[in-house]
Structures are given as C-alpha cells and as structure tokens.
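Notes follow the structure.
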Amino acid sequence: MRLTITLVAQRVNDVIISFNRGLNDLEKLELKEKLNGENLSPYFLEDETGKTILVTENKFPSSWLDEKLVEKVIDIDTPFQLASRSFHPQGTVIKVKGVEIGGDNLTVMAGPCAVETEEQLFETAETVKKMGAHVLRGGAFKPRTSPYSFQGLGEEGLKILARAGEKFDLPVVTEATSPEIAELVAQYADIIQIGARNMQNFELLKKVGFLKKPVLLKRGLSSTIEDWLLAAEYILSWGNFQVILCERGIRTIEKFTRNTLDLTAIPVVKDLSHLPVIVDPSHGTGLREKVIPMARAAVACGADGIIVEVHPHPEKALSDGPQSLYPEQFKRLMNDLEVISILVGKELKKSDLPQRLEIKSKPQPLSLRVAFLGERGSFSSQVARRTFGEKADLLPCSNFREIFEKVEQGEATHGLIPIENTITGSIHNNYDLLLEFSNLYVVGERFIRVSQHLGIYPGTEKGKIQVLFAHPQGFAQCARFIESLKGVRVINVGSTEEAARRAKEFGEGGACISSEEAIEKYALELNQEEIEDNPRNFTRFLLISPYFEPSSQDDKVSCVFAVSNYPGALYEALRVFATRGVNLLKLESRPRPGKPWEYLFYVDWEGNLKEDTYQEMIKELSTKTSFWRILGSYKNSWKKN
C-alpha cells in the first residue's frame, strides 16, 4: 500500500499521528522520505498494541488525504508530546500483576529502603501485605551520597526481593542505577525504579524504555516539572508507555527537612500529563514523624498513590532509618488513607485478602492449645472442654481479636469463636476478623444449647437487685426478662464468666445473667433458670486454625465473595451453585470493611474441596465474582444422621 499525504499551507505546533495499525518498514520509509523533503524529522514508534505512532518536534501538517489509516491527529503545544495529557486525555492506568496504578485507584508501595537480609525483608513484606500494601519496595543497588555508606546487596538483594514478592504475592519495585544493571533488575523486578540522581541519565532512560517494563521515574533533586516530564518522554519515545511519575521532594534552601516535598506538582502534573503520579514522603521529608501527615496531604492533593519506607526495626536499619516508619505507624497511615481515599474519589483496594487457597499441613506431634473467650465457666470454655477434653491446654482471652492473634502467632493451635445464635443472629465482629486474619481457616464447628440463668449475690432478694451484669449476647437473648426488672442498672461485660465474677465483686445487690457453671464457680445463688426468650437457644461456634487439610470426608464449606455492581451480578454468582445442585446452608451479606455501600456475601454450602465437581464450581465462581476466598471446610455438626 502506498501512502499519500497532502501538505497544506497552514502549519501547527508539534503533532502526534496515531495510526489504526502498525506500518511496515516500506511504508515508514516512504513517509519519512516525503517528510524529509519538507525539512521535517519524523519519529516512529509502536504502542503497546502494535499500532504505529508518528511524532515530530518540528511543525507538521494537520490534514491528511488518506483518512483510512489515521486513528487520530493530536496537536501538541508542549515540548513533551507523548507524556502530554492531550495525547491520552482519560489518563493512563498501569497494571502490574493484578495491581492497577492510576485512574480511581490509590496504590501503596511500602518496604525498607534497602534489602539487608532475607529475614528482614520477609518480615517487612509480611507486615505491609497484611496491612494492605499493594507493591513491595526495597533497594538492592543503593546510590549513596557517601562512598562509605551501605551500597546494597546487588544481585543477591534482587533474588531476595523476588522470593519475597512470590511468597507474599506482591509486585516488586527496585532501583536500577545504570543501563547494564537495568537489564539485571528487569529479570527480578516487576517495576524498575529510576532514582532522583538518575532522572537525566539519558542512556538509562532509553534502556528502560527498550525493556518495556513498568518504570517508576523519580523527580530529580533540582529538576523542574518540565525536566521531569521530558525525562518521561525519553522512556515513552521507545514505546514503553508504562511510566509512573514519583514526586520525592526537591532541593531548596530549607534545612529542617531533608528535601522540600513539592505537593503543588501533583495537581500541576495531573493537568499536564496522563501519567499516574505517586508521592514519596519518606525522602520528601527525611523525618519519620512527618511522613504520615505529608502522605495524607499527597492523597488529598490528588496523588495516585504513595511509596513509603517501612522497617521492622528502623533504629537498626543500614539505610535511611530516621525516615522509615515502624509497622504500627504504617498501620495507622493505612487507616488514615482509607478514609481520605473515599473523600477524594479514590479506591484503596485491600491486598491482604488472598483469593488462592493455601494448605498448611499440621506438624506431628502437635500439643493442642485452644484459645477461647473468657475464663472457666463461660460458654466458650464449656464448648472447648467438650471438643478437646482434658488433652488440651485452654488459653483464656479477654476479647475475640486476642483469640485470632494467639492462633496466628502460634501461641494456640486452635481458636474457638461464636459465630451465630438462633435468637440474636450473627456475631458480625467475628466475620470481619475471619476476613482480616487471612492465614487462618475454619476447620470445624460446634453447637451448644445456651441456658441463661439469673445468679444473685447471696442474701439479695430479686426485687432488691441494683446492678445486673451480662455479656451483650446474654442481654439480647433475655430481652423480655430484663424488661420485667424495674430500676436495675445493666452493665455489659466481656463474657458470661466475667458477669458472674463482677456480681460477686459488687456484693449485695449484684446479679448476673450467666451459665450455671459460672454461678456455681463464684458461689452465687441460682435464683432463676433458663430466662432466655426462646428455649431453642443455640450458639454455633467455629474452630479456627492455621493448619488446614481439606478432606473428601468434609461435607460443609464456608466461603466469602463480592460481586461487581451491575444488574444480575449476584444471580450469576449464585447460579454457579444452583446449576450443580449444591445446597446453600447459609447466605448472609456484610458491609465490606472500608468500602462504603459495598457488600460481601458469606456462604456455607454442602460439599468439600477435594472432589472435581466442587473444584470446577470454585473455578467458575472465581470468574463471576470480583473477590472470593475459601474460609475452610469441615464436618457438618448439625446434620441429622
């Protein structure tokens, strides 16, 4: 095919011509010769779809004769053409291993300044992953101001980064300091970082453009916004459109901070360019206590994400310890960003909810240690003893979160949590904790008939009760009885056992709603038995453990999923079960934590995770949902034999 162009008298500023297909070498040569004849210097490149783009820094005709080949013509009045907002008005979204950077997404990159040891990096990666980070950062090659400072572990650091990224399912970003090192970094990292000192290392920019991997381009220490965007233009001109800009502070006369974080650059660049912009408040301030407020401000200014340094022990860090956050500080930052993101129309997607099923086999022999709510005498303690007998050590806990933490940290092999009651319904806090502690699984269930009794301090008449102690579930299950009491002060406590203990400590006039065992334990008088509103009062408990071995003998599975917001989305997900004749035992919706007006669906269904039918069903369910996770499989304890 021969191309024909018409040169018109009216000329415009720099022009980008985007073709609707890729041009072959002959077509490019013919076009180049014609434009050279007009003293024009064309520059050809291919975008990520293989279509040809023509760019020139000289003036270029804006009218073409053969319109069939031309997708669009863009007049550019800035020195950076491909980076210009005019080239891609809707903005660029870069996808890296399922993580989207740009658009309506708020992306968090976190990790240590430098990779020091595998243990240090794995500990940090696990922490930031759990708290919601999307990308793991860490330096293997460190360009330092002083030649005597720690320079990084080199390729061994890259290998550690790659192993951490694979283990914790996190994309990895790390710096390349030269064209030669860039090739090495590309073998291990998912995003290649160009540091501030190398922003105008043009051979390095060309190299990462050629490598076609996502690039994080930091702003130079004394660079203008135009310098920064022209550096990005170098990468784009090689056909690599996966460029992320990073504002990391500039050098000014100010000495109280390491740099001056130029937050005005964010809205300016967002207007000028289609590329996503993230902010580095760690280098921007150099002060740990200033990182969180500047990160919040960056998101409020419109940043597409932040990159921060986090270290388990900053005081021992080999690089940039004073500006590295402690894990608890990073957790607070993530909570803050979750709120701010909503206000600015961004979505902070949680990456701590794995969709794959990891099986952790139980070590042998295993000494059973069971965490439960309350002390001996609580309903939980009764279920624990009935389930495990005297062979297990029972570990009392003061709240539900403590149960999960003891199991996660290895202090307990199992946890026992109440999940729903036939009178008061689900215990929503525990559903949220099941989601939060994603490395724990449901491995069993137990039921107990709950008989609530009125215990009073010896010598106290029922009409002289002053204070009534009970767990909130106890009050809810005995609502009608409580209404019959006049002038009695009610006080919530943490467990049924604590209710009896507090009544004993209060003395005359004290009373409790508790179990028979707890009332007897504290030598209270059993004044009235079975005061619950309905005698069919059962509570279902779940056994949780990090050790999960699905069996074909299991006949009940618990899972949770979310669907996209369009008509029929939930129907399509539930149809996966219906078409296979799988019986749903429970379906309940819960608000998705941190995502207003979005919902999760918790489902219990009959089946197991071993048979092919159910494996195929789970595979199809993953295509009908925006998020899913298996919570566990076990024997149905309520099933009638």
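Among the residues here, residue 273 qualifies as over 18 Å from residue 196 (Cα atoms) and modelled with pLDDT of 95 or more.
Selection of the range 280-297 for residues being of a type outside the set (Val, Ile, Thr), in contact with a strand residue (DSSP E or B) (Cβ under 7 Å, 6 or more places away or on another chain), in contact (Cβ under 8 Å) with a residue 40 or more places away in the chain and open to solvent by less than 30 Å² (accessible area, probe 1.4 Å) yields 280, 282, 295. Count of the range 169-191 residues, restricted to those that are outside any strand (DSSP E or B) and open to solvent by 10 Å² or more (accessible area, probe 1.4 Å), is 12. Residue 584 passes all but one of (1) in contact with a Phe, Trp or Tyr (Cβ under 6 Å, 6 or more places away or on another chain); (2) aliphatic (A, V, I, L, M); (3) at pLDDT below 95; which number fails? Among (1) in contact with a Phe, Trp or Tyr (Cβ under 6 Å, 6 or more places away or on another chain); (2) aliphatic (A, V, I, L, M); (3) at pLDDT below 95, the lone unmet condition for residue 584 is (3). Residues that are within 14 Å of residue 115 (Cα to Cα) and open to solvent by 20 Å² or more (accessible area, probe 1.4 Å) within the range 155-167 comprise 155, 156, 159, 162, 163, listed in sequence order. Out of everything in the range 321-345 that is of a type outside the set (A, V, I, L, M), part of a loop (DSSP other than H, G, I, E, B) and open to solvent by 30 Å² or more (accessible area, probe 1.4 Å), what residue ends up being modelled with the lowest pLDDT? Checking each candidate, the answer is 345.
Taking the range 1-23 as the range and being at pLDDT 50 or above and either under 44 Å from the mean Cα position of the chain (by Cα) or of a type in the set (Lys, Arg) (or both) as the test, the residues that pass are 14, 15, 16, 17, 18, 19, 20, 21, 22, 23. State whether the residues of the range 538-552 include one that is touching a Gly at 6+ places or on another chain (Cβ under 6 Å), over 23 Å from residue 465 (Cβ atoms) and not polar (S, T, N, Q). Scanning the range 538-552, I find at least one residue that is touching a Gly at 6+ places or on another chain (Cβ under 6 Å), over 23 Å from residue 465 (Cβ atoms) and not polar (S, T, N, Q), so the answer is yes.
Surrounded by 13 or more Cβ atoms within 10 Å (Cβ to Cβ), under 30 Å from residue 133 (Cβ atoms) and at pLDDT 75 or above: is that true of residue 99 in this structure? In short, yes. Scanning the range 127-138 for any residue that is open to solvent by less than 20 Å² (accessible area, probe 1.4 Å), assigned to a strand (DSSP E or B) and in contact (Cβ under 8 Å) with a residue 40 or more places away in the chain turns up at least one such residue.
For the range 597-641, filtered to residues that are more than 23 Å from residue 572 (Cα to Cα) and not in a strand (DSSP E or B), the residue that is least open to solvent (accessible area, probe 1.4 Å) is 636. Number of residues in the range 476-503 that are open to solvent by 30 Å² or more (accessible area, probe 1.4 Å), within 38 Å of the chain's Cα centre (by Cα) and of a type in the set (D, E, K, R) equals 1. Within the range 76-91, restricting attention to residues that are farther than 13 Å from residue 241 by Cβ and either open to solvent by 20 Å² or more (accessible area, probe 1.4 Å) or modelled with pLDDT of 85 or more (or both), the residue that is nearest to the chain's Cα centre (by Cα) is 90.
Evaluate the following for residue 549: is it in contact (Cβ under 8 Å) with a residue 60 or more places away in the chain and surrounded by fewer than 17 Cβ atoms within 10 Å (Cβ to Cβ)? Yes; evaluated as a whole, the condition is true for this residue.
Give the residues of the range 560-579 that are β-branched (Val, Ile, Thr) and either farther than 22 Å from residue 434 by Cα or surrounded by fewer than 19 Cβ atoms within 10 Å (Cβ to Cβ) (or both), sorted by residue number. Within the range 560-579, 576, 579 qualify. Among residues of the range 577-590 that are closer than 14 Å to residue 427 by Cα and of a type in the set (S, T, N, Q), those with a beta-carbon under 8 Å from a residue that is open to solvent by less than 70 Å² (accessible area, probe 1.4 Å) and at pLDDT 95 or above at least six positions away or on a different chain give the pairs 589/601; 589/602. Screening the candidates 129, 142 for the property of being within 18 Å of the chain's Cα centre (by Cα) and basic (Lys, Arg) yields one hit, 129. Would you mind stating whether residue 491 is farther than 25 Å from residue 382 by Cβ, among the aliphatic types (A, V, I, L, M) and without any contact (Cβ under 8 Å) to a residue 60 or more places away in the chain? When the stated conditions are applied, residue 491 does not pass them. With respect to residue 108, determine if the residue is on the phi < 0 side of the Ramachandran plot, at pLDDT 90 or above, open to solvent by less than 50 Å² (accessible area, probe 1.4 Å) and not in a loop (DSSP other than H, G, I, E, B). Yes. When you scan the range 580-596, how many residues do you find that are open to solvent by 40 Å² or more (accessible area, probe 1.4 Å) and farther than 30 Å from residue 340 by Cβ? Going through the range 580-596 one residue at a time, the tally reaches 6.
For residue 152, are the conditions met, namely being open to solvent by less than 50 Å² (accessible area, probe 1.4 Å), in contact with a strand residue (DSSP E or B) (Cβ under 6 Å, 6 or more places away or on another chain) and over 23 Å from residue 305 (Cα atoms)? Answer is yes for this residue. Residue 207 falls short on exactly one of the conditions (1) surrounded by fewer than 21 Cβ atoms within 10 Å (Cβ to Cβ); (2) among the charged types (D, E, K, R); (3) in contact (Cβ under 8 Å) with a residue 12 or more places away in the chain, and that condition is (1). Evaluating residue 166 against the criteria (1) touching a residue at least 12 places away in the same chain (Cβ under 8 Å); (2) under 30 Å from residue 347 (Cβ atoms); (3) out of contact with any Asp or Glu (no Cβ under 9 Å at 6 or more places or on another chain) leaves one unmet condition, (1).
Results for (1) modelled with pLDDT of 95 or more; (2) out of contact with any Cys (no Cβ under 9 Å at 6 or more places or on another chain); (3) assigned to a helix (DSSP H, G or I); (4) among the hydrophobic types (A, V, I, L, M, F, W, C), shown as yes or no for each residue.
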position	(1), (2), (3), (4)
193	yes, no, no, no
204	yes, yes, yes, yes
209	no, yes, yes, no
222	no, yes, no, no
232	yes, yes, yes, yes
238	no, yes, no, yes
244	yes, yes, no, yes
263	yes, no, no, yes
266	yes, no, yes, yes
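Residues that are in contact with a strand residue (DSSP E or B) (Cβ under 6 Å, 6 or more places away or on another chain), open to solvent by 10 Å² or more (accessible area, probe 1.4 Å) and modelled with pLDDT of 95 or more within the range 504-524 comprise 506, 524, listed in sequence order.
The values are calculated or read from the model by the stated rules, or taken from the named source; none is laboratory data. Keep in mind that what you see is a predicted model, and the values were worked out from it rather than measured. Please note: Cβ atoms are built from the backbone with ideal geometry, for glycine as well, and neighbour counts cover all protein chains shown. Each accessible area value is taken on the protein alone, full model and side chains, heavy atoms only, with ligands, DNA and RNA left out. Shrake-Rupley method; radii C 1.70, N 1.55, O 1.52, S 1.80 Å.
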